[in-house]
Amino acid sequence: MAQTSSGTMEVTFPSDEQILITRTVNAPRHLVYRAWTTPELVRKWWAGRRGEMTVADMDFRVGGAWRYVMVAHGEFEVAFHGTYREIVPNERIVQTEVMEMPGEESGGEGVVNTVTFRDADGGATTVSILTDAGSKEVRDTIAQSGMEGGVREQFELIEELAASLT
Amino acid sequence: MARAATTADAFNAVAEPRRREILDALTGGERPVNELVDLLGLAQPHVSRHLRVLREVGAVEVRDEGRQRLYRLNPEALKPIHDWVAGYQHLWEERFELLEGVLEDLKDQEDKDG
């Protein structure tokens, strides 16, 4: 389906391990990229309307680590961290994302998010966020033990994420 | 046993593409197994296995009518998936709305800087 105007967000599931969010925003690519990669700007939008961001640490280079913490209105903290795997200025960012569970050792690399910025009509920018829940490790497990185990891990992750959002 | 446990919720049940096809086929109403077999182009035992998984999570219900087993959709069982998608979607919608505000400011600033 063609994306003709800003303001319409699509959520699709390209494969059993992926979630794709696509939205066109009304601003040129370099500005969208700046808003996405500058900590003081990220603080203004990343928590949505669900809380305040208290930490937006970004060592923005390949191999560098990031960590976001938000305090939700319910007065609990939600934290995410990961590393940058690939950075193509104004085009593409690939980063891992682990949700930190209180009282739990957060092992593994978590999900992999690929954010893509493309020109859209009228000087707008289409942003795609592809979440790949199958890390290599999980994917290998999937290959060896059948689909279902791996997919289950993904959905457990997603359910935890969903619980933290509400 | 471990494998059996993996199908215990709706998320897992619909993770399998053929099971989603079965659910899609049932949105139009009740169908007997042989119709599903024809529609999916799968062997009957495979279809039965998928139907069993869907029944375990309550996504489909079955009733016997004469010699036929008729399957129908129970959308209520898929609500957790709907709820999750809705929550996730809302968060990202809020983020994008706020992002647009940030971008308006950046554009104004850029215009000013010339």
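Points worth noting:
- If the condition is being among the hydrophobic types (A, V, I, L, M, F, W, C) and either open to solvent by 90 Å² or more (accessible area, probe 1.4 Å) or more than 7 Å from chain A (Cβ to nearest Cβ) (or both), then region B:62-114 contributes B:VAL62, B:LEU70, B:LEU73, B:ALA77, B:LEU78, B:ILE81, B:ALA86.
- Taken as a whole, the structure places A:THR8 among residues that are among the polar types (S, T, N, Q) and either more than 10 Å from chain B (Cβ to nearest Cβ) or part of a loop (DSSP other than H, G, I, E, B) (or both).
- When region A:18-35 is filtered for residues that are within 14 Å of the chain's Cα centre (by Cα), surrounded by 18 or more Cβ atoms within 10 Å (Cβ to Cβ) and either within 9 Å of chain B (Cβ to nearest Cβ) or of a type outside the set (Ser, Thr, Tyr) (or both), the ones remaining, listed by number, are A:ILE19, A:ILE21, A:ARG23.
- Sub-6 Å Cβ pairs linking a first residue in region A:49-60 that is within 13 Å of another protein chain (Cβ to nearest Cβ) to a second residue that is modelled with pLDDT under 90 and part of a strand (DSSP E or B), at least 6 apart or interchain, are A:ARG50/A:ALA72; A:GLY51/A:MET70; A:GLY51/A:VAL71; A:GLY51/A:ALA72; A:GLU52/A:VAL71; A:MET53/A:MET70, ordered by first then second residue.
- Any hit, region A:107-115, residues being in a loop (DSSP other than H, G, I, E, B), away from chain B (no Cβ under 14 Å) and within 14 Å of the chain's Cα centre (by Cα): yes
- Residues located in region A:54-74, provided they are crowded, with 19+ Cβ neighbours inside 10 Å and aliphatic (A, V, I, L, M): A:ALA56, A:MET70
- Positions within region B:15-55 being open to solvent by less than 70 Å² (accessible area, probe 1.4 Å), under 21 Å from B:GLU65 (Cα atoms), under 17 Å from the mean Cα position of the chain (by Cα) and without any contact (Cβ under 8 Å) to a residue 24 or more places away in the chain, in sequence order: B:ALA25
- Residue check: A:TYR33 meets all listed conditions (1) assigned to a loop (DSSP other than H, G, I, E, B); (2) touching a residue at least 40 places away in the same chain (Cβ under 8 Å); (3) in contact with a Ser or Thr (Cβ under 9 Å, 6 or more places away or on another chain) but one, namely (1).
- The single condition among (1) crowded, with 16+ Cβ neighbours inside 10 Å; (2) over 15 Å from the mean Cα position of the chain (by Cα) that A:GLU77 does not satisfy is (1).
- Filter result for B:LEU51 (of a type outside the set (Asp, Glu) and touching a strand residue (DSSP E or B) at 6+ places or on another chain (Cβ under 9 Å)): yes
The values are calculated or read from the model by the stated rules, or taken from the named source; none is laboratory data. Treat the numbers as computed from the prediction; the structure is a model and nothing was measured. Reconstructed Cβ throughout: ideal geometry from the backbone, glycine too, with neighbour counts over all protein chains shown. Just so you know, the surface numbers come from the protein's heavy atoms only, side chains and all, with ligands and any DNA or RNA stripped out. Shrake-Rupley method; radii C 1.70, N 1.55, O 1.52, S 1.80 Å.
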